[in-house]
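Notes follow once the structure below has been shown.
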Amino acid sequence: MAGPSERADGMSVTVVGGGVGGLSAAAYLADAGADVTLVEKNDQLGGRASRLEAEGFRFDMGPSWYLMPDVFERFFGHFDRTPGDYYDLERLDPHYRIFFKGEGTAPGDGERIDVAADRATNRELFESIEPGAGEAFEEYLATSERHYGTAMEKFVYEDRSSLRDWIDLDVMRATPVGLTLLRSMQSHVENYFENPKLQQIMQYTLVFLGGSPRNTPALYNMMSHVDFNMGVYYPVANEPDENGDHPGGIGVVIDAFVDLCRELGVTFETGAEVAEITRRKRGFSVVDEHGTERRPDRVVVNADYAHAEQELLPEHERQYDADYWDDRTYAPSAYLLYLGVEGDVPELAHHTLVLPDDWDPHFEQIFDEPDWPDEPAYYLCVPSKTDDTVAPEGHSNLFVLAPIAPGLEDTPAQRDRFREQILTDVAQNADTDLRDRIVFEEEFCVSDFVDRYNATQGTALGLAHTLRQTALLRPPNRSKAVDGLYFTGSFTTPGIGVPMCLISGQHTAEALVEDAN
C-alpha cells in the first residue's frame, strides 16, 4: 500500500458493490484515511460469496475452496491482524476426490482417486498411473513453485497495468514466467505427462480461472503449487454464533472482511442498487434505485465491469463501446443445485470432481459452440463431511456445480432436463443416487447470475483468463475516460478468484491514493 506520506485523509469514497474486491478496496482506503461508504445491491455482502440458509441447511452459494492462504495472511497482515483473529483453518485430507468416467484402457478409468494432503502419497499415485510420472510430478511442482513465487512477486502483487510497466529489467529477468504467457496450459502439461487423467489433475483448477486447457496461458501452472504444496483448507469461525456453534465455510471469511472493514470505519448500505454514476464539476453523483444521491469525491466500482460501463455511466464517460464487450471471452456460467439430502453420502469427499474421459467436448460447448454439455464435467461439494453445523442431524449438505456456457437460455424445461441428466450422472459415475433422498432443493443458473449480480451474459466468474485477456490485456483499475473513477474485482488485474480479488482491491486503492497525492 502507499507509504505513510500518501494518504487519503478526509476524502469521501463510495464503493459500488460489496464483493471481495469491493470489501478489499474499502478496507485499504479506510485504512488510508478515506471516508468510505460501500453500497450493495443485495441484502448480503460478499457478492458471489453469498450464503443460502433454509430448513436447517446452510450453503456457500459461490466460492467453496479456500486456497492460497498466504494471500489472506498478507491481506490481514497489512492491518496488523491475522486470519486467526477471525477464523481457523482445517486442512482437508483428501484435498479432493476425482471420479473418472468411462471404461477405457488407461489405469484409473471408471474409478476414483484421492488427491491427498501428503505430497509423497501423491507422487506414488502418479507413478502408479504412469511409469515415470512420479519423477515428472516432482519436476512439474518445482517449476510450478518457482513460477508461483516469481509471478506473485512480479506480476500479481505489483500492478503492471501498462506496457511500460512490463519493459523493465526485473520483468525481463523473469522471462521464463513471461514466456509461459505465450503457451497454453495444455501444451505445457503435455511436456510432463502422457496420461490424460494426470493431465486433467494438473489442470482442473482452470475451472476456477474461467478458462480451458487450450485457451489459458501456461503461467497458471503455478496453481499446482497452490494445490499440492500449499493445501486445501476449510475455514471455521473462531467465535461461536448465537447457537453456540462455530460455523464454517467461505461465508465466515466474508464475515471477517466485513468485520475488519467496520473496525476501520467503513459504512455499509445494503439493499440499494446503484442506478447511475455521473461525474460532476466537483466529485461524483451516485444515485441508487430509491433515488438517494451520494456525492463522493471518488468512486470505486466493484459491480460487473461491463454492466457498469454500459448501464450506469453516461455514454461519454465510458471507456469501451458495446462491440468491445461483445468481443470479450467471458468465464463460464454455471448450473448449480443446492441439495439437502437424507443420510450420508459415503462415496463423496468434501470436494469431489467428476470428469469425463475426454473433457475437450465440454470445453468446446462452453467456449466454441455454446450449448448445454452432452457429457459434463462437474463438481460436488459436501461440507457436512467436515462441518456438522451446515445440515440438520442425519442429513447431508451437498451442492452440484456444472460449468456451462455464458449466455445460454435456461428455460425451466431446459433446467429440468439438465437436472435429471446431472443426478443420473452422479448415480452412475459417483456411486451416489440422490434422487429419492432430497428434502431441500434450490437451483441457480444463467438468468439468476444476471438478476442477482448483473452479471454480463450470466458469467459466474467474470472475464476468462485467456491468452488475450491476461495481465495488462484486462480492463484497467483506473478509468481511462473519467478522472476519479476506479474499478476492482474479477474483470481487472490480477483476475478471477477470491485471492485475486483481494489483491485487486489493493491495486485499486493504491491507484486512488496515489492519484490523490
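Just so you know, all these numbers are worked out from the coordinates, no wet-lab data involved. These numbers come from a predicted model, not from an experiment. Neighbour counts run over all protein chains shown; Cβ positions are idealised from the backbone, glycine included.
Things to note:
- Sum of side-chain charges, R112 neighbourhood, beta-carbon under 9 Å (Lys, Arg +1; Asp, Glu -1): -3
- Loop-located trypsin sites (Lys or Arg not before Pro) in segment 393-440 (DSSP state not H, G, I, E or B) with no more than 14 neighbouring Cβ atoms inside 10 Å: R435.
- Near H78: Cβ cut-off under 12 Å, other residues only, Lys/Arg at +1 and Asp/Glu at -1. The net charge is -2.
- Each of P412, N221, G10 was scored by the projection of its Cα onto the charge dipole of the chain, and the greatest displacement toward the positive side belongs to G10; charges sit on the C-beta of Lys, Arg, Asp and Glu.
- Cα centroid separation - segment 492-517 against segment 40-63, whole Å: 24
- With R₀ set to 22 Å, the beta-carbon distance separating S285 from E311 gives a calculated FRET efficiency near 0.90.
- Net length gained if the chain between A54 and D368 were fully extended (0.36 nm per residue, minus Cα distance): 109.3 nm
- Annotation: extensible slack from Y157 through K480 equals 114.1 nm (criterion: 0.36 nm per residue apart, minus Cα-Cα distance).
- For E273 and R183, a Förster radius of 41 Å and the Cβ-Cβ distance give a FRET efficiency of 0.45, rounded to the nearest 0.05.
- Given +1 at the Cβ of Lys and Arg, -1 at the Cβ of Asp and Glu and no other charges, the dipole of segment 430-517 around its Cα centre is 480 debye to the nearest 20.
- In plain terms, the chain from D436 to D358 could stretch by 25.1 nm, reckoned as 0.36 nm per residue minus the Cα-Cα distance.
- Backbone N within segment 231-274 under 11 Å of label point (7 Å from T292 Cα along the Cβ vector): 268-274
- Euclidean distance of C-alpha centroids, segment 350-427 and segment 265-283, integer Å: 37
- Net charge of neighbours whose Cβ lies under 9 Å from the Cβ of N454, counting Lys and Arg as +1 and Asp and Glu as -1: -2
- Charge-dipole axis of the chain as Lys and Arg at +1 and Asp and Glu at -1 on Cβ define it, positive-most pick from Y379, M230, Q506: Q506
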